[in-house]
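Below is one structure; the comments refer to it alone.
The values are calculated or read from the model by the stated rules, or taken from the named source; none is laboratory data. Keep in mind the model is a prediction, meaning the values are calculated, not measured. No Cβ is skipped: glycine too gets one built from the backbone with ideal geometry, and neighbour counts run over all protein chains shown. The area values use the complete protein model at the heavy-atom level, side chains included, leaving out ligands, DNA and RNA. Shrake-Rupley method; radii C 1.70, N 1.55, O 1.52, S 1.80 Å.
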Amino acid sequence: MKTISSDANPAFRRWLRIASTPRAARESGQTLAEGIHLAQAVIACPARVDAILIRRRAAHPQLESLLGQFAGDIPRFELSAALYDRIAPVEQGVGLLLVLPIPEHPLPRQVGQDLVYLDGVQDPGNVGAVIRTAAAAGVGHVLASAGTAALWAPKVLRAAMGAHFRIGLHERVAIGQLPMTLDGDWVAAVAHQAPSLWQHEFSPRALGWVFGAEGSGPSAEALALCAHRVCIPTSNAVESLNVAAAAAVCLFERRRRK
């Protein structure tokens, strides 16, 4: 195992950029996965690992047995506590980071399975929560516009809690590409002035769900693509739901009906 104690180390500088710059994961083709749960998801997948980073004096009870499940030829690095904490996405983590290559999945073509399209959703926590919800609801793929937070950014990866390895993910998908991906209808979730989700009659064909940025909602271009619009009735106490909560309501109402 190699030891890194200087922030001038080129590998550390690369990992620090991935951790601190949202677009760096896209540009480098790598991401960082922190913690026991994500490590278990990587092993179960199994997904390729480029490097294993360990915090000096990390003492989580599961750490040693977990490390034994990774191939011995994966490069391992022990980082000083100060350096590790600069790249870890959470405070007081378990002291384990995996450097993962970002997989490239071909864009789906005329699939007969529900899809999700994120149109300008910029909060990493929301993006990760939608990915997790979509996987749980049986959605096959999550597609994202160029204006959406990087799907494989470390904070998104952590928020999705392993769902990245169970669903197809596709970034920088232009709205003009969407019709070729789905053999079905597109539906936009909007905050107001649309039929209620509870009363809307959906086609038995596959659905592509469009969820937009909070506040502005789906773009005009995305709305023009959609054959249907629905809203979630709420009390007057709030104007609208968080986009991740709205996606959960829509996708599981769809699952309930199916």
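Please figure out what share of the DSSP beta bridges in the chain is antiparallel and state it in percent, rounded to the nearest 5. The antiparallel proportion sits near 25 percent. Checking every one of the trypsin sites (Lys or Arg not before Pro) in the range 30-69 against DSSP loop status and a limit of 13 other Cβ atoms within 10 Å picks out R48, R57. Only protein atoms count toward the accessible area here, which uses a 1.4 Å probe; on the range 112-258, the carbon and sulfur part of that area reaches 49 percent.
Of all beta bridges DSSP finds with both residues in the range 185-258, what is the antiparallel percent, to the nearest 5? All intermediate terms of the calculation are to be shown ahead of the outcome.
Details: 1 of 9 bridges.
Beta bridges within the range 185-258, antiparallel portion: roughly 10 percent.
Heavy-atom surface analysis with a 1.4 Å probe gives the range 1-82 a carbon and sulfur content of 49 percent of its accessible area. Within the chain, the longest run free of chymotrypsin sites (Phe, Trp or Tyr not before Pro) that sit in a DSSP loop with at most 16 other Cβ atoms within 10 Å is 71-197. Karplus-based coupling profile of the range 135-141, in residue order and whole Hz: 4, 5, 8, x, 6, x, 8, with θ = phi - 60° in 6.51 cos²θ - 1.76 cosθ + 1.60 and x standing for Gly or Pro.
When only Cα pairs below 8 angstrom with a gap of at least 6 residues are kept, the range 102-258 shows a relative contact order of 28 percent.
Against the longest alpha carbon principal axis of the chain, how many degrees, from 0 to 90 and to the nearest 10, is the axis of helix 243-257 turned? It works out to around 60 degrees.
Any idea of the accessible area per residue across the chain, 1.4 Å probe, to the nearest Å²?
Per-residue accessible area for the chain comes out at 48 Å².
Exposed loop sites here are GluC sites (Glu not before Pro) assigned a DSSP state other than H, G, I, E or B and surrounded by at most 13 other beta carbons within 10 Å; excluding them, the longest clear run of the chain is 105-200. Taking the chain as a Gaussian network of alpha-carbon nodes connected by springs under 10 Å, the highest mean-square fluctuation of the residues A24, A71, A134 belongs to A71.
Given the choices [x] 52, 44, 32; [y] 74, 53, 28; [z] 59, 39, 32, Cα extents along the principal axes in Å derived from the coordinates of this structure is entry [z].
Computed over the range 1-107, relative contact order equals 42 percent, with contacts defined as Cα pairs under 8 Å that lie 6+ residues apart.
Let me have the 222 nm mean residue ellipticity of the chain computed from DSSP H runs of 4+ only, each contributing -39500 (n - 2.57), with the sum over all residues rounded to the nearest 500. Could the numbers behind the result be given before it?
Working: 9 runs with 78 residues, N = 258.
Rounded to the nearest 500, the figure is -8500 deg cm²/dmol.
Go through the range 70-171 and name the trypsin sites (Lys or Arg not before Pro) that are in a DSSP coil and have 10 or fewer other Cβ atoms within 10 Å of their Cβ.
Values: sites: R76, R86, R109, R132, K155, R158, R166; in loops: R109.
Listed in order of number, the matching sites are R109.
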